[in-house]
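J.: Please see the structure below; I have some questions.
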Amino acid sequence: MQRAMRRYRWIARCLGAVAVATASTVAPLPAQESGVVRGTVTLEENGDFISGAVILVVGSGAFALTDTQGSFVIDRVPAGSYEVLAQRDHLTAGRQTVTVEPGGTVTADFVLGLSPVHEEVTVTASAGGAETTYEAFNAVTTVDSFDIARESVPGFGDALRNEPGIAVRGFGPGASRPIIRGFDGDRVLILEDGVRTGDLSNNSGDHVVTVDPSSAERIEIVRGPATLLYGSNAVGGVVNVITPHESSRASLLEGTRAQLNADLGSANAQAGTNVGLQHARNGVRYWAGGSTRRTGDYATPLGTVQNSATESANAEAGVGWSGDRLFASAGVTLNDGRYGVPFAEQFHGHHEVDAGGHRDDHGVDEGGATSIALDWQRRAMRFDVGLQGLANRVVEGVRLSLKAVDWGHDELEIEGGNENVGTRFDNRVYILRADVDQRQTERLSGRFGAWTQIRDFEAAGFEALAPRTDLSSFAAFAYEELNLGRLRVQFGGRVDRDNYRVAERTGAFANDDDDDGHEGHDHGVLEAPDARDRDFAGASASVGLHADLGAGNALVANLTRSHRPPAIEELYNFGPHVGTLSFDVGNPDLDAESTLGLDLSLRHRGDRVRGALNFFVYDIDNFIFGDRSDEVADNLPVYNILQGDSRFRGFDARGSTRLAGQTWLTLGLGYVDARLATGEPLPRIPPLRGTVDLDIPYGGFTLTPQLEFAARQADVFRGETETGRYSLVNVRASYVWPRQDTAHILSFTGYNLTNELYRNHSSYIKDLAPEMGRGVRASYAVRFH
């Protein structure tokens, strides 16, 4: 670890020197080459000013939020003609065309009304600043704070389950995580304000995502080439959680913003609250927030699933300062939680560790653990410093982000009221990221930077499948967009290096036996592979085309070549892995995956019809997967980690049509076919899934009946069971009361109203437990701007 930390300090000095040199050596941009866009935003229903609306100068990346008087000012906008977009959650989006003269000021005033359908804005997938999802090169879905508040689901994956192309992986409700286009685990990257969360949710099906969705300002789901900005392993996509304090930092507005949520649910005895506060004055910003959430054992049409209860508590606080050019901030986040892992006791034995580090294992019937629970903690500190609005010829802004995460969890074996720690996981991560936003010209915009990570992973106990491993990673990236009028071109690249330094296996999974006659676990003829150091280096690249076809239509095509090194669990795991219901035999000889991906998108934006249809094909060489053998060890099937070529192909789509007034009908669909080159389907690939929503508004009230459906999944991996088709009937009634600087939303949702018995094909326990039965949820949220 000392060697890794020395490398980290060296990389940190290099990144800092590069950022400072870049910001200080470029020539100033003459003031007359830019202008100012200003205006006001009011509410159509009562004429009140709207605070907190997003104003985006489309194509420039420049954006701002309206103040308490509904006013906005965006300066340093390069001279030229632009569309200006005004948007706020649950309101219509307004567009106006303006021409910015050098040294001049142009006014754009907007009137917005209530609407269940509106344009979305992304910062995750932008070459610089922000842009609409229609103009983005990537397929982007945004879930805003109003949508999150109305759904009020307890799990992170569940908050995204109705988005096209998204499925939910889990081992019960405590560990739900999104699957994107059939990709899971290390191939889906979860970020918080653009930086990795540092948890181990990608490592196992029973590990939790530590972010509480109710605390988010919005959640952006990105598929496509911009994922190279964050990690070449994100073949499936990137999920970026934007927090309220990050949004307030970007707005540079003074005053106080606050958020409050509360929710209750019946089928799982759900109860949760969340509160957040941001205050800015004289350039100094403060923020604080917290949440608590609990659920009981959830009910299904077949009865209650025991040991499926969850509870969590989260707190955060920070302070920052923003001047005309320099900004800095520091914050801390504390997360604690506990959840049951249903049915895990059927695969755990009772484990006693002797003085030599070997275990005496007894079957469950002979006094084994009666239930398994995971108790987890996450402590994160983050520091940001940067320069903004530099107004020089090359660089618009620079940002350095340093994040330290200490994450751990105990897997508890509970018997007769007594709790014993079966396995302890510790994951310490240090991340440094440097982002440079280029000064946009009439033709070119982009961003580039570098990223490094030091990770120290260690596990001890029954499921200590991998030896202690230190991982050091470094990457440099660039993402550029060239504007040729109605035709735009993107090109990007990334180089990565990952170094694994691994200790010897110890305890029951060591290959050598003690002289006292103990032989640890009885794995038959299985032998743990030698753990050895590995180094990986690779390059990724993308090129794309965005064509404006006129009449609100666009065609987008992207070609991406990406490199993904194996994950720790793929290289080094050996032993019973209850979180995936498998006995894992890792492979330290794995090569890196290489993916060639093609994404095509057809988009339409109109007053009555809008939507996007996205097609994708990914050919993956050396695809890493668990190959099920005929052997059984520790009451679990043995999976050998192997490689083979594979292909993922499918589509995701969403379309909305306005039937009358502001009544909208929306259809969302997602489908993926994923197979090895041999033609065999890959495991736990979700079936065709979709939703049909009818939003019927009357003033501030909206009634939304929804049909959620899935096809039968009969294309299954060997040993995997099929799942049948299902249709769920859900109904949501919500009332939104927007005022000048506040917005209230009250929502009631009835879900699975027919009490349909159905199973989630991507769940590890689909053969043991169906999904939740009929129930209702109620939620209240208020936003102070």
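The values are calculated or read from the model by the stated rules, or taken from the named source; none is laboratory data. These numbers come from a predicted model, not from an experiment. FYI the Cβ positions are ideal-geometry reconstructions off the backbone, even for glycines, and counts take in every protein chain you see. Side chains are part of the model used for accessible areas, which takes the heavy atoms of the whole protein and leaves out ligands, DNA and RNA. Shrake-Rupley method; radii C 1.70, N 1.55, O 1.52, S 1.80 Å.
J.: If you go through segment 594-623, how many residues are under 22 Å from the mean Cα position of the chain (by Cα) and either farther than 30 Å from Leu667 by Cβ or β-branched (Val, Ile, Thr) (or both)?
T.: Adding up the residues that qualify gives 2.
J.: Quick check on segment 401-411. Is at least one of its residues under 30 Å from Arg443 (Cβ atoms) and at pLDDT 90 or above?
T.: yes
J.: Now for a different question. If you take the residues in segment 697-747 that are among the aromatic types (Phe, Trp, Tyr) and over 26 Å from the mean Cα position of the chain (by Cα), which one is most open to solvent (accessible area, probe 1.4 Å)?
T.: Tyr698
J.: Tell me whether segment 121-143 contains one or more residues that are touching a residue at least 24 places away in the same chain (Cβ under 8 Å), open to solvent by less than 10 Å² (accessible area, probe 1.4 Å) and touching a His at 6+ places or on another chain (Cβ under 7 Å).
T.: yes
J.: Here are Val421, Val436: which of them is among the β-branched types (Val, Ile, Thr), over 25 Å from the mean Cα position of the chain (by Cα) and part of a strand (DSSP E or B)?
T.: Val421
J.: While we're on this one: Of these, Ile219, Ile190, Ile242, which one is in contact with a helix residue (DSSP H, G or I) (Cβ under 8 Å, 6 or more places away or on another chain) and in contact (Cβ under 8 Å) with a residue 40 or more places away in the chain?
T.: Ile219
J.: Does Leu659 count as modelled with pLDDT under 95, part of a strand (DSSP E or B) and open to solvent by 20 Å² or more (accessible area, probe 1.4 Å)?
T.: yes
J.: Then there's this: Name the residue, out of Ala175, Ala149, that is within 29 Å of Phe72 (Cα to Cα), outside the structural domain of Asp67 (by the TED database) and crowded, with 23+ Cβ neighbours inside 10 Å.
T.: Checking each option against the conditions leaves just Ala149.
J.: For residues that are on the phi > 0 side of the Ramachandran plot and either under 31 Å from the mean Cα position of the chain (by Cα) or of a type in the set (Lys, Arg) (or both), tally how many sit in segment 524-556.
T.: Total meeting the criteria: 1.
J.: When you go through Ala159, Ala271, Ala262 one by one, which is the residue that is small (Gly, Ala, Ser) and either surrounded by 24 or more Cβ atoms within 10 Å (Cβ to Cβ) or outside the structural domain of Val436 (by the TED database) (or both)?
T.: None of the other options fit; the residue is Ala159.
J.: In segment 451-460, is there at least one residue being among the hydrophobic types (A, V, I, L, M, F, W, C), assigned to a strand (DSSP E or B) and open to solvent by less than 10 Å² (accessible area, probe 1.4 Å)?
T.: yes
J.: Whether any residue in segment 97-106 is buried (at least 20 other Cβ atoms within 10 Å of the Cβ) and not assigned by the TED database to the domain that holds Ser542 is what I want to check.
T.: yes
J.: Exactly one of (1) assigned to a loop (DSSP other than H, G, I, E, B); (2) touching a Ser or Thr at 6+ places or on another chain (Cβ under 7 Å) is unmet by Asn499. Its number?
T.: With respect to (1) assigned to a loop (DSSP other than H, G, I, E, B); (2) touching a Ser or Thr at 6+ places or on another chain (Cβ under 7 Å), Asn499 is out only on (1).
J.: Would you pick out the residues in segment 298-310 that are buried (at least 18 other Cβ atoms within 10 Å of the Cβ) and under 19 Å from Ala373 (Cβ atoms)?
T.: Those that are buried (at least 18 other Cβ atoms within 10 Å of the Cβ) and under 19 Å from Ala373 (Cβ atoms): Tyr298, Val305, Asn307, Ser308, Ala309, Thr310.
J.: Pull up segment 194-211, narrow it to residues that are closer than 12 Å to Gly231 by Cβ and part of a loop (DSSP other than H, G, I, E, B), then point me to the one that is most open to solvent (accessible area, probe 1.4 Å).
T.: Filtering first and then ranking leaves Asn202.
J.: Could you count how many residues in segment 575-589 are farther than 25 Å from Arg169 by Cα and open to solvent by less than 20 Å² (accessible area, probe 1.4 Å)?
T.: Selection size over segment 575-589: 1.
J.: Can you tell me which residues in segment 484-500 are open to solvent by less than 70 Å² (accessible area, probe 1.4 Å) and either at pLDDT below 95 or not hydroxyl-bearing (Ser, Thr, Tyr) (or both)?
T.: Gly485, Leu487, Arg488, Val489, Gln490, Gly492, Gly493, Arg494, Asp496, Asp498, Asn499
J.: Of all residues being polar (S, T, N, Q) and surrounded by 15 or more Cβ atoms within 10 Å (Cβ to Cβ) in segment 528-574, which is farthest from Gly485 (Cα to Cα)? Just the residue, please.
T.: If we take residues in segment 528-574 being polar (S, T, N, Q) and surrounded by 15 or more Cβ atoms within 10 Å (Cβ to Cβ), then Asn573 is farthest from Gly485 (Cα to Cα).
J.: Would you pick out the residues in segment 62-92 that are open to solvent by 20 Å² or more (accessible area, probe 1.4 Å), closer than 20 Å to Asp324 by Cα and either in contact with a helix residue (DSSP H, G or I) (Cβ under 8 Å, 6 or more places away or on another chain) or not assigned by the TED database to the domain that holds Thr40 (or both)?
T.: Result: Phe63, Pro78.
J.: With segment 544-624 as the region, which strands (runs of 3 or more DSSP E) entirely inside it contain at least 3 residues that are aliphatic (A, V, I, L, M)?
T.: 553-564, 593-605
J.: Check off (1) closer than 26 Å to Ser747 by Cα; (2) of a type outside the set (Lys, Arg); (3) assigned to a strand (DSSP E or B) for Leu85 and give me the number that stays unchecked.
T.: (1)
J.: Here is a further query. Look at segment 756-771 and say how many of its residues are in contact (Cβ under 8 Å) with a residue 60 or more places away in the chain, open to solvent by 50 Å² or more (accessible area, probe 1.4 Å) and touching a strand residue (DSSP E or B) at 6+ places or on another chain (Cβ under 9 Å).
T.: 2
J.: OK, next. Could you grab me the full set of residues in segment 43-61 that are open to solvent by less than 30 Å² (accessible area, probe 1.4 Å) and touching a Gly at 6+ places or on another chain (Cβ under 6 Å)?
T.: Ile50, Gly61
J.: If you check Ala733, Ala769, which single one turns out to be among the hydrophobic types (A, V, I, L, M, F, W, C) and assigned to a strand (DSSP E or B)?
T.: Exactly one of Ala733, Ala769 is among the hydrophobic types (A, V, I, L, M, F, W, C) and assigned to a strand (DSSP E or B), namely Ala733.
J.: Taking segment 274-297, which residues are open to solvent by less than 40 Å² (accessible area, probe 1.4 Å), touching a Leu at 6+ places or on another chain (Cβ under 8 Å) and free of Cβ contacts under 8 Å to residues at least 60 places away in the same chain?
T.: Ala280, Trp287
J.: Given the criterion at pLDDT below 95, closer than 27 Å to Arg658 by Cα and of a type in the set (Lys, Arg), identify the matching residue among Arg739, Arg783, Arg718, Arg689.
T.: Answer to the selection: Arg739.
J.: Which residues, taken from segment 277-313, are in contact with a helix residue (DSSP H, G or I) (Cβ under 7 Å, 6 or more places away or on another chain) and basic (Lys, Arg)?
T.: Arg285
J.: Could we say that Glu481 is open to solvent by 10 Å² or more (accessible area, probe 1.4 Å), among the acidic types (Asp, Glu) and at pLDDT below 95 here?
T.: Judged against the criteria, Glu481 is a match.
J.: Determine whether segment 134-145 contains at least one residue that is outside any loop (DSSP other than H, G, I, E, B) and over 30 Å from Phe477 (Cα atoms).
T.: Within segment 134-145 (the criterion being outside any loop (DSSP other than H, G, I, E, B) and over 30 Å from Phe477 (Cα atoms)), the answer is yes, since at least one residue qualifies.
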